[in-house]
Every structure is written in structure tokens, then in C-alpha cells.
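What follows is a set of notes on a single structure, which appears directly below.
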Amino acid sequence: MTGSRRTVIVGGLAMSGLNLLGITASRATERALDNLTEPARGRDLFYFTHWWGYQLVPNIAASSITDYEGLALEYGFFRGRRDAAGRLAYMESWTRDRTDVDLATEIDGQPLGDRKIDYRDNDIATQQVRTFVASKSGSEDWREVPYAETEGQGRFILLRLYAPLDDDGPDSGRPALSAELVDQYISEKAHYSYAADGTLSKIVSYRRDNGFTPVEFVP
Amino acid sequence: MDGGNAGGARPSARYDAPQDLPQVDVVARCETDLTILVEEPEVGAPRGNRNQGFDWIGVKGVEVSIRQGSTTFTATTDAQGKARYSAVPCGLYVVTLRQAEFRIENKGDTNLKVNGSSKSGREKELRIRRQLRTVEMFRLPTQYMVAVGAKDATGDDPYGHHWTKIYASEADASRERPMESYGWWPAAGALTSDWDTFTGVRGALNGYSPSGPSYAGASPTTDPYHTKSRTYASLEDVFFPWVTNGKTAAEYKSILRTKAQSFARDVSNTWSWRTDGGGWHCKTFQAYLMREAFLWKHVGVGIGQFGWSTSTS
């Protein structure tokens with residue numbers, strides 16, 4: 001994903017309910033934090049969609065571990081890293097805020113609503129979403145990119161299908177095409193430290209809602 | 001005193017109608033004023049009333065349309081659940097019911113015969129059941145054999161969770177964009193042993209604590225599982241609830257919010273899990289919210305519209 005932080009959206013887009021200026025400021029803060037706290041990206045970081053448990057350190061649901069490709073239809077997800085002993089050492093919570101984009105919005109001269117989404121076996125869980133990011137120049141032009149290029153914090157347009165609510169309800173019928181402006185960002189991250197005997201010794205968490213001020217918890 | 005036409009000219013006995021007046025056929029118009037009462041079960045009425053303890057209550061805010069050919073009359077039910085029409089021509093009408101945020105099942109007649117036999121107007125009762133499409137119940141199963149202090153072979157969630165999402169509109173519901181969600185958790189870090197599960201520990205709405213550790217994704221108005229989709233494979237149940245007691249969508253949502261906030265006080269800030277499944281935990285919390293807000297997983301109707309029943313599970 002490009003690193004551009006756009007606060008102006010092309011006409012026809014529904015604006016996000018987020019305070020865009022606030023987001024921009026928070027991201028500036030976070031970029032600084034990233035350098036200090038986020039482990040180097042690499043194979044040791046893995047995505048997952050479900051954690052469980054009532055302890056201070058969440059348990060990762062093993063079956064929900066996936067690559068970024070597997071997150072295409074998720075509304076939020078997590079990323080973690082284990083230490084050499086296999087304990088969770090770091091965890092990020094990722095949020096995808098979504099607002100509608102008018103299907104009449106044209107990209108490269110073609111309305112979003114005219115584009116097709118492929119899926120197999122009449123199952124929209126198999127759909128191949130389409131994604132668009134703003135051009136590097138920072139203009140208001142959008143270009144289609146492979147979904148994989150949306151990884152990381154940023155903003156993109158997601159074109160996808162939704163299933164009707166149920167077969168006999170008012171929304172019954174064919175899957176509905178939808179275009180959404182997705183703001184994808186880290187809302188929270190935490191570092192877990194362990195004592196020599198293996199017990200949890202400290203948690204340092206950073207939350208977007210308090211400006212990523214580090215907060216320490218000692219069990 | 002008038003003595004007749006004495007002294008005056010007698011009018012001509014002959015009258016020629018003007019040629020430019022149209023021929024008028026006088027036909028008695030058949031029409032009537034009409035009231036349609038839309039009602040649904042009311043839970044909590046004293047037993048002994050009709051319908052085995054259930055009473056009926058008017059449903060406000062339902063758009064009731066009656067259509068005959070290309071003619072449609074539409075009215076919205078008032079606080080008593082009555083939609084009123086005036087001067088409805090006689091005929092056979094098709095009745096349709098609509099209400100934003102609800103799916104409505106008309107359990108009565110869908111056809112309405114209007115005749116002019118009643119000068120004071122006619123009243124028609126329609127009994128319905130409604131499904132609220134902007135509140136959604138999520139249930140992840142508990143794997144009881146491994147729930148306490150253990151995890152299953154795949155490392156997946158043995159505890160499960162029940163939580164409730166609230167959407168602003170049906171469009172948001174269809175795109176799974178909840179504005180709020182609520183669930184009941186032990187406060188993060190409060191459980192230090194399996195025994196705590198049974199004796200009870202401090203509970204927290206959404207597992208959120210303003211001054212202590214919270215679960216990932218928790219906030220005062222979002223359950224940690226807020227973003228989990230209805231397509232999540234591990235869910236054992238996800239449904240839009242049926243409603244009783246004739247309230248609007250905004251009223252049901254308001255009750256949910258209020259009761260979610262007051263639950264902690266009602267249970268003395270306790271989270272617990274008893275061996276019989278009782279206690280104050282996510283499942284009993286969701287069932288409590290549903291009962292308080294008159295939301296049900298099942299609202300049934302028996303033969304002849306007797307034997308209505310409700311259930312949260």
C-alpha cells in the first residue's frame with residue numbers, strides 16, 4: 001500500500017465518519033511509535049482472525065491463522081508474533097472502518113458498478129474482491145491493484161459482493177455488489193514480557209483512543 | 001296571503017332542458033371509512049387473559065397499504081396500532097405491511113373485502129409477527145468437555161461467546177457494519193484459577209476497563225468480537241430476533257443499551273459460571289437483554305392463533 005495519507009476523496013464518495021484530521025494526527029504519532037515498538041516485519045509476524053480466553057494474554061485460535069489473502073472479507077483482524085518459547089510476545093488489533101462509495105463512481109472511465117466480481121460454485125465466500133488505491137502522486141485518481149498491495153495501514157476502495165440477509169427477506173435475491181472506502185489501521189498493540197519462570201511479568205499496551213500513550217500493566 | 005296565481009301570469013307548463021348539459025346518471029357510491037388494527041403478542045400481561053396468558057397490543061409505525069388494481073391507499077398505524085382510511089371504495093383489496101428495520105409476517109388475512117354495509121366505518125384486525133433486522137445475536141458454542149482450564153487439540157476457542165450487535169439501518173446490517181455490540185466478560189486478568197469461574201470474579205461490559213487492562217478490541221460500546229462476521233465458520237447460531245410488545249426499532253435498541261449498561265449493577269459486577277450453565281456470563285447476559293427488550297429467538301403461533309410461545313434459546 002502506498003504511504004500516502006489522503007484527506008480529500010473524489011466526488012461521489014461518501015465521506016468517512018472519522019475525524020480525518022484526527023486520524024492524520026494519530027497516524028503521525030503512530031509512525032513515530034512504529035519505529036520504536038513494532039517488530040521488524042517478517043515471517044515471525046502472522047495474521048489471525050480469532051483469539052480467545054480470559055487471561056491477560058490472549059490465546060490464538062490456531063484455525064484462524066491465515067495470510068493476508070485470507071483476510072479479504074474480514075472486517076477486522078489481528079497480527080501477532082511469538083517468542084522463542086512459543087508465547088505470544090506482541091499483538092496488533094487491526095480495524096477496517098468502512099463507508100459506502102457510490103457505484104456510479106468512475107475509475108479509469110468505468111463505473112465501479114459495471115465491474116464484475118468472480119466467484120465459484122454459487123458461493124460468494126469464494127469471491128475475488130477488487131481493490132483500488134490512490135495514485136502515488138497523491139491526486140484524486142484511483143487505480144486498480146491486486147488485493148495483496150493493500151497490506152499495511154492505508155486507505156483503499158474495496159469492491160465486493162454481499163449475500164442477501166436471507167432467502168425470503170426483503171433483501172432476497174442475487175448477491176449485491178458493494179463498493180466501500182476502507183480505512184485500514186492499527187487500533188491497538190501490546191507487548192507481553194515474561195519472567196524467567198515463564199510467568200507474565202508485564203504488558204505494555206498502546207491504544208489509538210488514548211493517542212497511543214503507552215500503558216503498563218503488571219500482573 | 002297568497003291566493004294562488006290570481007292576478008299573475010301562469011308559468012309555462014312546458015320546460016325545455018338546455019341542450020348543452022350532460023346526461024347525469026345518479027348512482028349511489030359504495031364506500032366506507034376503514035380502520036385496520038395491527039397487533040402482535042404482548043408478553044408480560046397477567047395470565048388468565050385470552051391466548052394463554054398473552055395479550056395483544058397494537059403496533060405503531062407500521063405502513064399499511066391496501067391495493068385494488070392500480071388504486072392504493074396507505075396509512076401508518078398510530079400509537080394504538082390503528083391505520084385509518086376514509087371513503088374507501090368497495091372492493092377486494094390486497095393488504096401489505098411494511099416497517100423500516102423490520103420484516104413483517106402477516107399471520108392474518110392478506111385480502112380485505114370492503115363493502116358499504118357499515119355507515120360508521122369498519123375495523124379489521126391483523127395479527128402479525130415482526131423480526132427486527134437491525135439487532136443481531138451471535139453465539140459461539142462452548143465446548144464443555146474442554147472449557148475449563150484447557151484447550152482443544154486445534155487450539156480453538158473452547159469457551160465460546162454470546163454477543164449482540166446493533167446496526168443503524170438494514171443497509172448497515174446487510175453489510176455487517178454494526179455501530180455497537182455488547183457482551184459480558186470477566187474483567188481482563190480477574191480469573192486467576194478455575195475455581196474463580198464458579199465462585200465468581202469481577203465482570204465487565206465488553207471486557208472493557210477504563211483504568212485497567214481490557215481485551216483486544218474492547219470498548220464501552222464494542223464487544224471484543226465486534227468485527228466478527230456472521231459467516232464465521234465456528235458460529236453455532238446467528239439470528240435476527242423476533243419481537244413482541246409493539247415497540248419501535250429505536251425503542252428496542254434503547255432498552256438494549258440501557259439494560260446492557262445497568263446489568264453490571266444488577267449482578268453486583270459479577271461474572272461467574274456455574275456447573276449447570278447458570279451464573280452471570282455471556283450467555284445469561286444475552287438472554288437477559290433479550291427478555292428485557294422483548295426480543296426472542298422464536299415467536300410461535302399455534303392452531304387458530306392460540307398457544308403463542310416465546311423463547312430466547
* Asked: Taking the stated definitions as given, is B:Ala204 facing another protein chain (nearest Cβ under 8 Å) and among the hydrophobic types (A, V, I, L, M, F, W, C)?
  -> no
* Matching residues, segment B:166-200, being at pLDDT below 95, hydrophobic (A, V, I, L, M, F, W, C) and open to solvent by 20 Å² or more (accessible area, probe 1.4 Å) -> B:Ala171, B:Ala190, B:Leu191, B:Trp195, B:Phe198
* State all residues of segment A:47-73 that are without any contact (Cβ under 8 Å) to a residue 24 or more places away in the chain and more than 20 Å from B:Ser214 (Cβ to Cβ); if no residue qualifies, say none. => A:Ala62, A:Ser63, A:Ser64, A:Ile65, A:Thr66, A:Asp67, A:Gly70
* Restricting the search to segment B:215-247, which residues are in a loop (DSSP other than H, G, I, E, B), open to solvent by less than 30 Å² (accessible area, probe 1.4 Å) and of a type in the set (Ser, Thr, Tyr)? -> B:Tyr215, B:Tyr225, B:Ser229, B:Thr244
* Asked: If you check every pair at least six apart or on different chains, which have Cβ atoms under 8 Å apart with a residue in segment B:223-238 that is facing chain A (nearest Cβ under 7 Å) first and a residue that is of a type in the set (Ser, Thr, Tyr) second?
  -> B:Thr227/A:Tyr75; B:Thr227/A:Thr95; B:Ser229/A:Tyr75
* **Number of positions in segment A:180-199 that are open to solvent by 40 Å² or more (accessible area, probe 1.4 Å), within 12 Å of another protein chain (Cβ to nearest Cβ) and assigned to a strand (DSSP E or B)** => 0
* Asked: Which of the following residues is modelled with pLDDT of 95 or more and either over 26 Å from B:Glu136 (Cα atoms) or touching a helix residue (DSSP H, G or I) at 6+ places or on another chain (Cβ under 8 Å) (or both): A:Thr199, A:Thr131?
  -> A:Thr131
* To do: Assess whether A:Leu71 counts as being open to solvent by 20 Å² or more (accessible area, probe 1.4 Å), at pLDDT 95 or above and either at positive phi or more than 8 Å from chain B (Cβ to nearest Cβ) (or both).
  => no
* Would you say B:Lys151 is at pLDDT below 85 and facing chain A (nearest Cβ under 10 Å)? -> yes
* **Meets criteria (of a type in the set (Val, Ile, Thr), assigned to a loop (DSSP other than H, G, I, E, B) and not assigned by TED's automatic domain parsing to the domain that holds B:Gly44) for B:Thr275** => yes
* To do: Please go through segment A:74-105 and pick out each residue that is without any contact (Cβ under 8 Å) to a residue 24 or more places away in the chain and more than 13 Å from every other protein chain (Cβ to nearest Cβ).
  => A:Ala84
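The values are calculated or read from the model by the stated rules, or taken from the named source; none is laboratory data. Everything quoted here is computed from the prediction, not taken from an experiment. Note: ideal-geometry Cβ built from the backbone for every residue, glycine included; neighbour counts use all protein chains shown. Areas reflect the complete protein model, heavy atoms only, side chains present, ligands, DNA and RNA absent. Shrake-Rupley method; radii C 1.70, N 1.55, O 1.52, S 1.80 Å.
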